[in-house]
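This report refers to the structure that appears directly beneath it.
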Amino acid sequence: MSDDPKLKFRPETLAVAHGYDPEFGMWAAKPPIFMTSTFVYPSAQHAKDVHEAFFDGTGPLKGTTNHIYARLGHPGLDFLEKRLAAMDGAEAAAAFSSGMAAHSAIALAFMRPGDSMLHGRPIYGGVDMLYNQILSDFGTHSEAYLDGTDEADVRRAADAAMAKGPVKLIVAETPANPTAAIVDLALMVRMADEIGAKQGHRPLVVTDNTLLGPFAQRPFEWGVDLNMTSLTKYCGGHSDLLAGGVSGRAELIEKLRFQRVIWGSHLDPFTSWLLLRSIESVAVRTERAMENARAVAEWLRDHPKVAGVTYLGFLPEGSVRRAVFDRQCTAAGSTFSFHLHGGEAEAFRLLDRLQLMKLAVSLGGSETLICHSATTTHYAVPREKRLEGGITDGTIRLSVGLEHKDDLIADLAQAMEAV
Ligand SMILES: *Cc1c(COP(=O)(O)O)cnc(C)c1O
């Protein structure tokens, strides 16, 4: 794709072909898959120059694209990372073997024993475990805000986090899994500045932009430092791969790449290629899924056995959350939760009766996936923490896919009879 600076392409356009130049691939229209673990050098001196450029960023090959060994980088990763950075409007991006590998690299690059961090609740179960079980065993601290749109609540949590140790990270998952709770990114950036003024160094603001897909929310417009996405979800889009991406300033992404090289959490050549292929259609897929989701959410809202539907499109007019949503997001997404009257027994009866929707965790695939949050994705989160995050025993998460919306509603309708 042309790099002419006069032509400023939109993210949806960049998602289709940016990052791969056919000249590089012997004029193949599509990127070849380079299935190799290692790379050959034309001479011993060239090998030395490649290593100098990689490790010291100096020498005759400085700034050129060269490869050493696939764990350190490979062409498929280069194509994908160029595309991810362009789509997000960032300087650089790094792709990992999963979304959690990406989150782990961020934690390991920027947190040290005694440091503290701030996150919201609810939050993805794996991220909760990363900061509150794994990293905390190495002497780090965390604090959660419960309403990411309430300045007083976020400041209370920020002060509590600072009391435990220097705050290095603010992790904002928005909308948050599984209830689609919204976090105000401008508020997070303001809070980072405030914490920075108080403690003498500013924490990094990291968004987890997985739930809406890559286009409906543009975190860098709000001044965040790093944007993380589980590419497993909407970008992969077919429930057949695992991957994660982080975009941001080149200097921060370099630190994450170093973690990736040493922990071995790079994305492999074949999965990089699968993603390049899937990302071409992520805009149209998410559009259709979101249209279906609205129809399903509206049907659920009117059902007598449903106590509530936490769908972004239903945020009440005039509320703070609605104002944040209107400012920050251009669409309501296709993953949301509904809450049955009753608890686990009612939820299980519904799930066991479904014929079309698949009972599975994960989201963002072409097929509709449904699960009971308390006993699956948030199984390891203590009940009182789940309730704080709005996850009741009757909460069911739905990731609406690309089937015909009337078939999805018909499936839910017949299953509701069992509740
Ligand atoms: C799935 C998910 C992750 C983790 O991604 P994996 O690719 O499964 O490792 C992180 N955050 C959110 C919001 C997710 O939905």
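Only the coordinates and a few stated rules stand behind these numbers; no lab work does. Keep in mind it's a predicted model, so treat the numbers as computed, not measured. Cβ sites come from the backbone with ideal geometry, for glycine too, and all protein chains shown count toward neighbours.
Quick notes on this one:
- Here the chain is treated with +1 on each Lys and Arg Cβ and -1 on each Asp and Glu Cβ, and its dipole about the Cα centre works out to around 400 debye.
- For segment 316-323, 3J(HN,Hα) per residue [Karplus equation, 6.51 cos²θ - 1.76 cosθ + 1.60, θ = phi - 60°, Hz, x = Gly/Pro]: x, 4, x, 7, 4, 4, 5, 5
- Relative contact order (%) - criterion: Cα under 8 Å, at least six apart; region: segment 52-279: 27 percent
- All other residues whose Cβ lies under 13 angstrom from that of Ala289 are scored, Lys and Arg at +1 and Asp and Glu at -1, for a net of +1.
- Antiparallel DSSP beta bridges within the chain, as percent of all bridges there, nearest 5: 60 percent
- Sorting 208-219, 102-113 by average packing, meaning the other beta carbons within 10 Å per residue, from highest down gives 208-219, 102-113.
- Estimated inter-spin distance, Phe138 and Glu221, nm [label 7 Å along Cα→Cβ]: 3.5 nm
- Using a cutoff of 8 angstrom between alpha carbon atoms and counting only pairs six or more residues apart, the relative contact order for segment 283-416 works out to 31 percent.
- With both labels modelled 7 Å from their Cα along Cα-to-Cβ, the Ala413 to Ala28 distance reads 4.8 nm.
- Residue-by-residue Karplus 3J(HN,Hα) for segment 95-105, coefficients 6.51, -1.76, 1.60, Hz, glycine and proline x: 10, 10, 6, 6, x, 5, 5, 5, 4, 5, 4
- Summarising the amide proton neighbourhood of Ser116: residues at separation of 5 or more, or on other chains, whose placed amide H is nearer than 5 Å comprise His141, Val167, Lys168.
- A cut-off of 5 Å between modelled amide H atoms, ignoring neighbours fewer than 5 places along the same chain, links Glu173 with Gly120, Asp208.
- Under 14 Å, Cβ to Cβ, from Val381 - net charge with Lys/Arg +1 and Asp/Glu -1: 0
- Pairwise centroid distance, computed over Cα atoms, of segment 195-263 with segment 395-419, Å: 32 Å
- Relative packing of 183-194, 23-34, which averages over residues the other C-beta atoms within 10 Å, highest first: 183-194, 23-34
- Summing +1 for each Lys or Arg and -1 for each Asp or Glu among the other residues whose beta-carbon sits under 11 angstrom from that of Gly73 gives +1.
- Contact order relative to length of segment 195-259, as percent, for alpha carbon pairs under 8 angstrom and 6 or more apart: 25 percent
- Highest-first packing order for the peptide set 8-18, 220-230 is 220-230, 8-18, based on the mean count of other beta carbon atoms within 10 Å.
- Hits among lysines - C-alpha to C-alpha of Lys405 under 22 Å, sequence gap 8 or more where chains match: Lys233, Lys305, Lys358
- Hz values of 3J(HN,Hα) by residue in segment 284-299 - Karplus curve (6.51, -1.76, 1.60), Gly and Pro given as x: 6, 5, 5, 4, 5, 4, 5, 5, 4, 4, 4, 4, 5, 4, 5, 5
- For Lys62, a cut-off of 21 angstrom between C-alpha atoms picks up these lysines, skipping any fewer than 8 places away in its own chain: Lys48, Lys82, Lys255.
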